[in-house]
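These notes concern the structure reproduced below.
The numbers here are math on the coordinates, done by the rules we state, and not lab data. The shown structure was predicted, so the numbers you read here are calculated from the model rather than taken from an experiment. Cβ coordinates were reconstructed from backbone atoms using ideal geometry, including for glycine residues, and neighbour counts include every protein chain displayed.
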Amino acid sequence: MKNIWVIANWKSNETIAEALEWISTVGPKLPKAPSIKVVVCPTFTALEEVKKEVVVNHWPLWVGAQDLSPFGEGPYTGEEPAPILKGLADLAILGHSERRKNFAETDEMVAEKVRRALESRIKPLVCVQDENTPVPVGVDLVAYEPVFAIGTGHPDSAENANQIALNLKKRLGGETEILYGGSVTSENAKPFLQAEGLNGLLVGGDSLNADDFLKIVEMAAVI
Ligand code: PGA
């Protein structure tokens, strides 16, 4: 049975109080199926509180960071290095197009972040804009997120996302798991979840609403 990932990318949203309210709604309702991997990626500020709640309640929920430093510990003001995130974040979203655009992140920086994440046993999830974006060695979880679809309300078609996923698997190896992200909602998630080449979804805006996010998770559990 293939894994299906449903990942909430909160971006720069949700206070600690809002984050705790969200997981107190979502946590108890998560399916126990091991092939359904649900991940929440809060801001760095909320990571610790969210992680504590998940551990105390034994919810089947991974906690992820939205980024990490390309450097180690040291004189890098404002950066969050992998050895410090270790234990708080199980996964890190790396190379998101918003970081490439707003923070001039390059493929080389993404590769360095991946290396740091792997060293600290944080699972890297690398975002690609198309089937040609470089993916560093050691990455087995990739999200196809076309820029035209992110936050626009205009998702790619499930057919095209599936084709890109199959092409990526051909290039990177069949064991690489490919997600789709870009304007996914509980209304349009189903065909993406059913696509044979895809292993789930990275959800931005719609993941902020706990009930909408749960609908997507519940859909994934019965596909
Ligand atoms: P969106 O964002 O669902 O709000 O389009 C997805 C993402 O950027 O990961």
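A few points about this structure:
- Which of 66, 56, 76, positive extreme of dipole for segment 17-111 (C-beta unit charges): 56
- Alpha carbon centroid spacing (whole Å) that separates segment 57-86 from segment 138-153: 21 Å
- Descending semi-axes in Å of segment 11-120, equivalent ellipsoid built from Cα gyration tensor: 26, 15, 14
- Förster radius 30 Å - calculated FRET efficiency between residue 218 and residue 160 (Cβ-Cβ, nearest 0.05): 0.75
- Protection-proxy order for peptides 191-198, 91-98, 70-77, each taking the mean of Cβ atoms within 10 Å per residue, highest first: 91-98, 191-198, 70-77
- Sequence-ordered 3J(HN,Hα) estimates for segment 50-55 from the Karplus curve with 6.51, -1.76 and 1.60 and θ = phi - 60° stand at 5, 4, 4, 4, 5, 5 Hz, glycine and proline given as x.
- Per residue, the convex hull spanned by the Cα atoms of the chain amounts to 113 cubic angstrom.
- Summarising the amide proton neighbourhood of residue 80: residues at separation of 5 or more, or on other chains, whose placed amide H is nearer than 5 Å comprise 69.
- Residues of type aspartates and glutamates that residue 113 reaches as a straight line, Cα spacing below 15 Å, ignoring anything fewer than 8 places off in the same chain: 67, 73, 79, 80, 90, 105, 140
- Among the listed pairs 52/170; 51/190; 169/215; 52/169, those beyond 32 Å (Cα-Cα): 52/170; 52/169
- Taking a sphere under 15 Å around the Cβ of residue 193 and counting the other residues whose Cβ falls inside, with K and R at +1 and D and E at -1, yields a net charge of -4.
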